[in-house]
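Visitor: Input: one structure, supplied below.
The values are calculated or read from the model by the stated rules, or taken from the named source; none is laboratory data. Because the structure is predicted, anything quoted here is derived from the model rather than measured. A quick note on method: Cβ atoms are made from the backbone with ideal geometry, for glycine too, and the neighbour counts reach across all protein chains shown. SASA here: full protein model, heavy atoms, side chains in, ligands and nucleic acids out. Shrake-Rupley method; radii C 1.70, N 1.55, O 1.52, S 1.80 Å.
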Amino acid sequence: MVSLSPALPAVPTVVARSPGYWSGVFTRLSRDKLAMAALAILVLIVLMAILAPYLAPADPAKATMLRRLKPIGTPGYPLGGDELGRDMLSRLIYGSRLSLIMGVTPVPVAFVIGTILGVTAGYAGGFLNTVIMRTADVFFAFPSVLLAVALSGALGAGLLNAMVALTIVFIPPVTRIAEAVTTQVRSLDYVEAARTSGAGAAKIIRIHVLPNVLGPVFVYATSLISVSMILAAGLSFLGLGVRPPEAEWGLMLNTLRTAIYTQPMVAALPGIMIFITSISFNTLSDGLRSAMDVKA
Amino acid sequence: MTGPLSPASTRNAESVWPPEVWRAPKKTVLDPRDRGGPAQPLLSVTGLVKHFKVGGSPFGEGTVVRAVDGVDFDLIKGETLGIVGESGCGKSTTARLLMQLMPPDAGRLVFDGEELGGALSLTEYRRQVQMVFQDSYASLNPRLTIEDSIAFGPQVHGLPARQAIARAHDLLDRVGLEPARFAGRFPHELSGGQRQRINIARALAMNPRLVILDEAVSALDKSVEAQVLNLLMDLKQEFNLTYIFISHDLNVVRFMVDRVLVMYLGKVAELGGRDAVFNQPAHPYTAALLASMPSMDPDHRVERPPLTGDPPNPINPPPGCRFHPRCAVAEAVCSVKEPEMAATGTDRAGARHAAACLMRAAGSGHSRAPAVAVPA
């Protein structure tokens, strides 16, 4: 039993506390103008998705064959009309819902699963490491787009299957980063010191390994969101994701591609939305990376 | 359980009449965890071996680095044992093996009469043996405050969080860092010397009997090093500790230790009392190592390098005596016969002095070997 000496002095009540690591990260991030602009755009897009029924001027599914492919600025059609005469503005607003769900959801799921696998492989080492990492390597043999297409093709078209396919695509890279960081952290003296105190593996991982591994893996995962958005749109474009008449930016690109010569501006609108969202996630991720890249 | 090692209890013990009864075994009798008495070594190491495989593949055996290749020594209660040697001689591997941070390939550790893995569990052993690492920054978790780092070990052993934090503050105070200023800080906000004090406090938080100091002051600059060394000496008295002090700095070792163990290529070359080893080195390697110490006196400046060449590769150590390729007094027999530890006498404090050199072993065939063995 660890015993306290009888000559224990009174515990000082006032202890000077340094701000924690994460509050420092958020302070630095909030000073990054570019990252804050990206965050503002993303907040607007998310609000747009949530408030779609209140923002959309028209029913996104209401087709009018007489008003097909109206140019931008047509009265009643602020951003023009699509190939079935549906209001583009309303469809873009509604499309943000499915696009965000499909593009964003796979990343946190892959982040959780990949981190668990990677930390396990990195901390356990040996045989378990070989099994997990060589399995991950199999997935690296395929380009991510091809893998996503092949997986969702095998699972069958549909929103959920496309999301599952994207999750599977993103687990191996997250696992690899988590394993690399864990292997590095595990050999540091403070983990050895924790072992000399007799702590079990679960406690060492929770207190000493995870807090030092999550940061870099988290930054990497945020950078995957932009890739995921594009892949999700790509799957819908290929008919492997959302099906018509649902509004989704990737699918809208597909259905409007025949109009690229008659109404190029209208046809490009969903692509512009994907581009803005994707680059905003990327910029925010970059800002987060530099905000976290300090000593300690 | 009351704290056995606090200064308060030491003072009480010394006021007991007659004082002579307490003075002689002062360092050991006060510890209620003591089992074997002062004559029982605190730690007895026998045949410690660690070989690392390198370059192995699933299809072929790699080569083997003999990092630690049969180390034996006894650690006397209350002493400071210095372990010295060149880089790569196995000092740090020995420390990690003693700490059970890696499994030894062979060897027994007997702690105060109880064998580790037998009567003594690893958890119990680790409560009594702690380590301070060289790199003060890498040995503190950057995401934990100082008090949480120190309190982690006691909490693992079931001390409630509030008491563990109180203990951390107490220890911060004892290592000379004001708790109110430092307890809530993070490691990167402190200097190297301050961080090493925290690492010492973290080791002491477990209330250990043995502390292994693996190059604990080597990374500090000289003025800070001196402060930390003095602190270590004070804490040793205050907490009734036994130290294993690993260092490549012979001046620091001479200042700190009671006995010296010289390692060469994974083996013990010489073991003896500090003054005996520093004044009459029995092994030519020790003599060369001591001669490599820069002299403060310009008239005694060393003109020739005392040792030439790097230590031989531990993957393929030379046959016979491992030191013979670099030894000035090596003879033909040295490349054939592997020397055992041979006693060369005892110093005034009664410490046995022995060296693994054929010159010291009677009848070894070396021309300088004594005719009759020195009794151990």
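Visitor: Find all pairs meeting these conditions: Cβ atoms under 6 angstrom apart; at least six residues apart or on different chains; first residue within segment B:191-212 and under 21 Å from B:Pro142 (Cα atoms) and part of a loop (DSSP other than H, G, I, E, B); second residue of a type in the set (Gly, Ala, Ser) and open to solvent by less than 10 Å² (accessible area, probe 1.4 Å).
Guide: The qualifying pairs are B:Ala205/B:Gly153; B:Met206/B:Gly153.
Residue by residue, here is whether (1) under 23 Å from A:Gly153 (Cβ atoms); (2) among the aromatic types (Phe, Trp, Tyr); (3) touching a helix residue (DSSP H, G or I) at 6+ places or on another chain (Cβ under 8 Å) holds:
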residue	(1), (2), (3)
A:Gly239	yes, no, yes
A:Pro244	yes, no, yes
A:Glu248	yes, no, yes
A:Leu251	yes, no, yes
A:Thr258	no, no, no
A:Met265	no, no, no
A:Ala268	no, no, no
A:Ile274	yes, no, yes
A:Ile279	no, no, yes
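Visitor: Just the residues that are at the interface with chain A (Cβ under 9 Å from one of its Cβ atoms) and surrounded by fewer than 20 Cβ atoms within 10 Å (Cβ to Cβ), please, taken from segment B:126-136.
Guide: B:Asp135
Visitor: Select the strands (runs of 3 or more DSSP E) contained entirely in segment B:237-319, then report the ones holding at least 1 residues which are open to solvent by 60 Å² or more (accessible area, probe 1.4 Å), over 30 Å from B:Val129 (Cα atoms) and of a type outside the set (Gly, Ala, Ser).
Guide: Filter on segment B:237-319 gives an empty set.
Visitor: Within segment B:85-125, how many residues turn out to be under 28 Å from B:Leu250 (Cα atoms) and at the interface with chain A (Cβ under 9 Å from one of its Cβ atoms)?
Guide: Of the residues in that region, 4 qualify.
Visitor: Looking only at segment A:191-207, count every residue that is of a type outside the set (Lys, Arg) and either more than 9 Å from chain B (Cβ to nearest Cβ) or open to solvent by less than 10 Å² (accessible area, probe 1.4 Å) (or both) and tell me the total.
Guide: Within segment A:191-207, residues that are of a type outside the set (Lys, Arg) and either more than 9 Å from chain B (Cβ to nearest Cβ) or open to solvent by less than 10 Å² (accessible area, probe 1.4 Å) (or both) number 9.
Visitor: Considering B:Leu229, B:Leu220, which residue is more than 14 Å from chain A (Cβ to nearest Cβ), of a type in the set (A, V, I, L, M, F, W, C) and within 16 Å of B:Asp258 (Cβ to Cβ)?
Guide: Only one candidate passes the filter, namely B:Leu229.
Visitor: List the pairs whose first member sits in segment B:314-326 and is within 17 Å of B:Leu289 (Cβ to Cβ), whose second member is among the aromatic types (Phe, Trp, Tyr), and whose Cβ atoms are under 6 Å apart, counting only residues at least 6 apart or on separate chains?
Guide: So the pair list comes out as B:Phe323/B:Tyr264; B:Phe323/B:Tyr285.
Visitor: State yes or no: is A:Val219 over 21 Å from A:Asn161 (Cα atoms), within 14 Å of another protein chain (Cβ to nearest Cβ) and touching a Ser or Thr at 6+ places or on another chain (Cβ under 7 Å)?
Guide: No: the conditions fail for A:Val219.
Visitor: Taking the stated definitions as given, is B:Ile198 more than 8 Å from chain A (Cβ to nearest Cβ), closer than 30 Å to B:Ser121 by Cβ and at pLDDT 90 or above?
Guide: Spelling it out, B:Ile198 is indeed more than 8 Å from chain A (Cβ to nearest Cβ), closer than 30 Å to B:Ser121 by Cβ and at pLDDT 90 or above.
Visitor: Which members of segment B:171-206 meet the condition of being open to solvent by 10 Å² or more (accessible area, probe 1.4 Å) and in contact with a Pro (Cβ under 8 Å, 6 or more places away or on another chain)?
Guide: The answer is B:Asp173, B:Pro179, B:Ala180, B:Phe186, B:His188, B:Arg195.
Visitor: Please go through (1) closer than 27 Å to B:Val45 by Cβ; (2) surrounded by fewer than 23 Cβ atoms within 10 Å (Cβ to Cβ); (3) not small (Gly, Ala, Ser) for B:Arg209 and return the number of the only condition it doesn't satisfy.
Guide: Answer for B:Arg209: the failing condition is (2).
Visitor: Test of understanding: among B:Arg174, B:Arg143, B:Arg162, which residue is within 8 Å of chain A (Cβ to nearest Cβ) and of a type in the set (Lys, Arg)?
Guide: From the options B:Arg174, B:Arg143, B:Arg162, the qualifying one is B:Arg143.
Visitor: Something else about it: From the residues in segment B:94-125 that are assigned to a helix (DSSP H, G or I) and over 19 Å from B:Ile246 (Cα atoms), which one is least open to solvent (accessible area, probe 1.4 Å)?
Guide: B:Tyr125
Visitor: How do the pairs read when you match residues in segment A:99-112 that are under 12 Å from A:Ser236 (Cβ atoms) with residues anywhere that are part of a helix (DSSP H, G or I) and of a type in the set (S, T, N, Q), using Cβ under 9 Å and keeping only pairs 6 or more apart or on different chains?
Guide: A:Ser99/A:Ser236; A:Ser99/A:Thr277; A:Met102/A:Ser228; A:Met102/A:Ser236; A:Gly103/A:Ser226; A:Gly103/A:Ser228; A:Gly103/A:Thr277; A:Gly103/A:Ser278
Visitor: Pairs, please: C-beta under 8 Å, at least 6 apart or cross-chain, first residue free of Cβ contacts under 8 Å to residues at least 12 places away in the same chain and in segment A:256-269, second assigned to a helix (DSSP H, G or I) and surrounded by 16 or more Cβ atoms within 10 Å (Cβ to Cβ)?
Guide: What qualifies is A:Arg257/A:Ala267; A:Ile260/A:Ala267.
Visitor: Now for a separate question. Evaluate segment B:326-337: report whether one residue or more is open to solvent by less than 30 Å² (accessible area, probe 1.4 Å), at pLDDT 75 or above and touching a strand residue (DSSP E or B) at 6+ places or on another chain (Cβ under 9 Å).
Guide: Checking segment B:326-337: not a single residue is open to solvent by less than 30 Å² (accessible area, probe 1.4 Å), at pLDDT 75 or above and touching a strand residue (DSSP E or B) at 6+ places or on another chain (Cβ under 9 Å).
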